[in-house]
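The values are calculated or read from the model by the stated rules, or taken from the named source; none is laboratory data. Fair warning: this is a prediction, and the values are worked out from it, not measured in the lab. Glycine gets a Cβ as well: all are built from the backbone with ideal geometry, and neighbour counts include every protein chain shown.
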Amino acid sequence: MRPPLVLIIGPTAVGKTELSLRLAERLNGEIISADSRLFYRGMDVGTAKPAPADLARIPHHLIDIVNPDETVSLAVFQRLAQEAVADIRARGKLPFLVGGTGQYVRAVSEGWTPPEVTPDSRLRDELERLKEKRGANWLHEKLALLDSEAAQKIDARNYRRTIRALEVIFTSGKKFSAQRGQSEAPYRLISIGLTRPREELYRRVDERIEAMFAGGLIREVESLLARGYSPDLPSLSAIGYRECVGVAKGLMTEEEAKVEMRRLTRIFVRRQSNWFKESDSQIHWFHPEEENALNAIEKLIRNSF
């Protein structure tokens, strides 16, 4: 019989961390992070990484696994997550896959097979040159013309992902979105989606950004730069880090950085909804603070397995 796996999904700042901790405590579970921002050591404040007390409260997997100048491909994440699920089950516990990075969640839960296109260094160099000359948005616009579905799900700021999609298209002659191989789902899934009214979610985003600055986000970015990490790294192009690099270099004020972070996070929240829609009948949606929501979710999970 396929092993059980609980998905806790939803947009940033919706409340996934606290609810997953409480469920894992009640159901003898462990948490596997499917948030690509949490991979990086030393990037804690700007990623809203779970606090040390929370990491000690429940075992977590795939957090702090690489340095900021390293990368974790989709295929590598998929393998590591599958190994974590097997390890958790071997110890008689229930695995929870928690996060808002849609492609990482889907790759594990649906058994994706990433496109088998060998990297082409000459093509990548040319695309990098075009990015430097015309900008990441220009590259993303070209991807949208060739494969609108892929462009919808790739952040225009994530130019490396855009370049990979274009590389696959140009090398294979097929759409990137059409090459995502998929086998039978490898797990017995129960998908729990967390949602809030958009304005409530935006308010929580704003509060989180304020808390990041109060918690030392600028100091964290300055420390990363002082340790020799380039501001051009993909990890440091994440929302919050790029803006704070600008503050550290005197290119923008702290308030300007906050305004830009709020704007970009709203776009990110809307992009996340492309992966997990409230109309999806396979996902059980809850407002995390509704009366009896925690008890109802616990009962649903117990009855599913």
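What to note about this one:
- If only residues of region 251-280 that are modelled with pLDDT under 95 and small (Gly, Ala, Ser) are counted, the one that is surrounded by the most Cβ atoms within 10 Å (Cβ to Cβ) is 273.
- Filter result (free of Cβ contacts under 8 Å to residues at least 24 places away in the same chain and of a type in the set (Gly, Ala, Ser)) within region 294-305: 296
- The listed residues are 159, 202, and the only one of them that is outside the structural domain of residue 16 (by TED's automatic domain parsing) and either aliphatic (A, V, I, L, M) or touching a residue at least 12 places away in the same chain (Cβ under 8 Å) (or both) turns out to be 159.
- For first residues located in region 260-275 and touching a residue at least 60 places away in the same chain (Cβ under 8 Å), partners that are part of a helix (DSSP H, G or I) and of a type in the set (A, V, I, L, M, F, W, C) and lie 6+ apart or on another chain with Cβ distances below 6 Å form the pairs 265/205.
- Search result, residues across region 18-49 that are at pLDDT 95 or above and polar (S, T, N, Q): 20, 28, 33, 47
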